[in-house]
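Inspection log for the structure reproduced underneath, given as structure tokens.
The values are calculated or read from the model by the stated rules, or taken from the named source; none is laboratory data. As the structure is a computational prediction, the values presented were derived from the model and not from experiment. Here Cβ is always computed from backbone atoms with ideal geometry, including for glycine, and neighbour counts include all displayed protein chains.
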Amino acid sequence: MKEILIISLLGIAILAVDLLKMRKLVLPVTITGLLALIVTSVMDWGLNEIPFAQYGGMLLFDNYALGFTIVFAVLAIFWFLITSDQYEITSSKKTDIYALSVFSICGAVVMASYSSLVMLFLGVEILSIPLYVLAASDRKNILSNEAGFKYFFLGSLASAVMLFGIAMIYGATGSFDLQTISAAMSTGSYSGLMLTGCVLILVGFAFKVSVAPFHLWAPDVYQGSPTTITAFMATIVKAAAFAGMYRLFSTSFSNMPEVVTTIMAVMIGLTLILSNITAVTQTSSKRLLAYSSLSHAGYMLGFVMMAGNAPAKYLMFYTLTYGIASMTSFSILQHVSSIQGGDDSREAFKGLVKRNPVMAGAMTVSLLSMAGIPPLSGFLAKYYAITQILSGGHIALVIIMILTSAVAAYYYLRLIAAMFTPIENAGRIVTGSLQRGMYIVLTLLLLVTFFAASLLELIEV
């Protein structure tokens, strides 16, 4: 419960700092609050706290919830630091963006810790509503306005579908509690109402995590939104959606009927094939990274499909590793495109190795990590996903994963090749010392986590 209070009060504190005209303190206050969230989560490890248990206890802060809360907080710290130069330090827009982002993270914490479908829906809405505003936060850009409208309309539709599915599950089991629903499904006899409810909830989640065939909104919204917000949506928000999805499918839906597993397997295959093939044809690097995000959603969905056997710590590792690499890539894209007058094509990256070696190195390592090249942590993340799916006997999916990884490596390497292509009369790209330091730290993390991954065996989640 302390975790919810800290992140909620942090959002209010950011607004208070703005009202008091102390906007220079926004970043330090935000980072301090997120560090407090990490420390509190570590201190509560193993306690399995159930807030307000006497009133039904609709939240459960077990190691799973605390582990994902730490992942959210770590990624959020990186995001706030790496994007700190995108807004004027005394601008009220900066405090608005920060406050909305923190409130969205509050929804992410709820999605990792719910033990009732009621809290699941509340978590989804708390996570999503600030994002509709953030996507349209560049008010003078018509693409940003369009992205916000599309996200709001389709997100509301997906929430309605999920709520309808929750109502059907309640009608079939008479409860919103995950354990009660799990006991009802463990009998092996599924009513039509229960099965329909499962499918509708899966569809609602499929939109939130942007997997095929419910992914068509994502490239447009990601491209139209401000790049810093796109980085937030593609990392922290995606991690939150998968955290909520995994908790549901590892508890209530752990004994789901075979048809639901088949549907998820088809979704994974379609996502990997469509996203990677479409990414090859993109001329916009931002849109390419958007389709790359869809591809990784296919891998993470594999953990959900195997939730009964796949340890949650491997999904946490994947979301953390992918989040670091993707966040770094989007941030560098933002810097490059702003220097090039908004151009985000491969041509804009030509000569980057001479224009800013630190950015070129960080971008190269991030793309190679997302491609799954050792010795980078992205390789282990994909390895964990493939081995879990292989243990379930889904050989066809494993083959698709391997083949589409080769396709992904092709379009990542094309972008890397552009950075190392000489170009005449190219001026240097200057970044602040904080951003330069963050690029170095994030690059090293992608290397260090590869060798530190063995420590996962010591973590009990």
Is it fair to say V74 is under 16 Å from I38 (Cα atoms), of a type in the set (A, V, I, L, M), surrounded by fewer than 24 Cβ atoms within 10 Å (Cβ to Cβ) and under 15 Å from the mean Cα position of the chain (by Cα)? yes
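With the condition being touching a strand residue (DSSP E or B) at 6+ places or on another chain (Cβ under 9 Å), I'd like the helices (runs of 4 or more DSSP H) fully within the range 110-211 carrying at least 3 qualifying residues.
Details: elements: 117-135, 142-173, 178-185, 192-209.
Ranges flagged: 117-135.
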Unmet requirement for V161, which otherwise passes all of (1) more than 19 Å from M305 (Cβ to Cβ); (2) hydrophobic (A, V, I, L, M, F, W, C); (3) without any contact (Cβ under 8 Å) to a residue 40 or more places away in the chain: (3)
Across (1) more than 25 Å from the chain's Cα centre (by Cα); (2) of a type in the set (F, W, Y); (3) buried (at least 16 other Cβ atoms within 10 Å of the Cβ), F61 clears everything bar (1)
Pick out the one residue from T235, T187 that is within 26 Å of I142 (Cβ to Cβ), out of contact with any Phe, Trp or Tyr (no Cβ under 6 Å at 6 or more places or on another chain) and among the β-branched types (V, I, T). T235
When both residues are 6+ apart or on different chains and their Cβ atoms are under 8 Å apart, which pairs have a first residue that lies in the range 264-287 and is within 20 Å of T364 (Cα to Cα) and hydroxyl-bearing (S, T, Y), and a second that is assigned to a helix (DSSP H, G or I) and at pLDDT below 90? T283/R346; S284/Q223; S285/S337; S285/R346; S285/A348; S285/F349
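Just to verify a result, which residue in the range 164-219, among those that are without any contact (Cβ under 8 Å) to a residue 40 or more places away in the chain and closer than 30 Å to S292 by Cβ, is surrounded by the fewest Cβ atoms within 10 Å (Cβ to Cβ)? Give the steps one after another, and end with the answer.
Going through the range 164-219, the residues without any contact (Cβ under 8 Å) to a residue 40 or more places away in the chain turn out to be 164-165, 167-168, 171-175, 180, 183-184, 187, 189, 191-194, 196-197, 200, 216.
Then keep just the ones that are closer than 30 Å to S292 by Cβ; that gives 165, 200, 216.
Details: G165: 21, L200: 20, L216: 15.
Going through the qualifying residues, I end up with L216.
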Inspect the range 1-10 for any residue being farther than 19 Å from I82 by Cβ, touching a residue at least 60 places away in the same chain (Cβ under 8 Å) and not hydrophobic (A, V, I, L, M, F, W, C) and give the result as yes or no. yes
